[in-house]
Amino acid sequence: MALKKIPAPPARVDLKKEDTVKVIAGRDKGKTGRVLRVDRETGRVLVEHVMMVKRHTRPNPAKQIKGGIAERESPISVSNIMIVCPGCNKAVRVAHRVDAVAGGKTRRARVCRKCGHLLDTK
Ligand SMILES: [Zn+2]
């Protein structure tokens, strides 16, 4: 197989672990899942039950690894997924709300661009 060209990662990845996302393009289009891992270097995220691939593993008794075919997630590009807003239950883009905190500092919170619902739980 020819070497895949690695696209430049987006300037900013507005996704975090535990976010619920919807796949908007690619093989698993339409699926939703929980974000398991975010890789800001490559602009890819691991989403639960999305982009499942079969891994053929050789048994290794010393490491307690059973052989056979295991299904695992593989990373998907952030451009192919969107965050699902808990407020309006749609796949939405992310806006940032700047909140003033004590000491004259500000804090950016992620909000839904459609309904303004807060996307950050903490
Ligand atoms: Zn919303």
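The values are calculated or read from the model by the stated rules, or taken from the named source; none is laboratory data. It should be emphasised that the depicted structure is a prediction, and the values quoted were computed from it without experimental measurement. For neighbour counting, all protein chains shown are included, and Cβ atoms are generated from backbone atoms with ideal geometry for every residue, glycine included.
For the reader, a short list of remarks on this structure follows.
- When the criteria are applied in full, C85 meets the requirement of being among the hydrophobic types (A, V, I, L, M, F, W, C) and either within 17 Å of the chain's Cα centre (by Cα) or modelled with pLDDT under 95 (or both).
- Every test in (1) touching a residue at least 24 places away in the same chain (Cβ under 8 Å); (2) away from the ligand (no atom under 16 Å from the Cβ); (3) touching a strand residue (DSSP E or B) at 6+ places or on another chain (Cβ under 8 Å); (4) not hydroxyl-bearing (S, T, Y) is passed by L15 save one, and that test is (2).
- Subset of the range 11-68 (residues that are under 20 Å from V92 (Cα atoms) and at pLDDT below 90): A11, R12
- Candidates in the range 65-93 are the residues that are within 16 Å of the ligand (Cβ to nearest atom) and small (G, A, S); of these, the one that is surrounded by the most Cβ atoms within 10 Å (Cβ to Cβ) is A91.
- Test set (1) in contact (Cβ under 8 Å) with a residue 12 or more places away in the chain; (2) under 22 Å from K17 (Cβ atoms); (3) within 16 Å of the ligand (Cβ to nearest atom); (4) loosely packed, with under 14 Cβ neighbours inside 10 Å - C115 fails condition number: (2)
- Residue, surrounded by the fewest Cβ atoms within 10 Å (Cβ to Cβ), within the range 94-112, restricted to residues that are β-branched (V, I, T) and within 16 Å of the ligand (Cβ to nearest atom): V94
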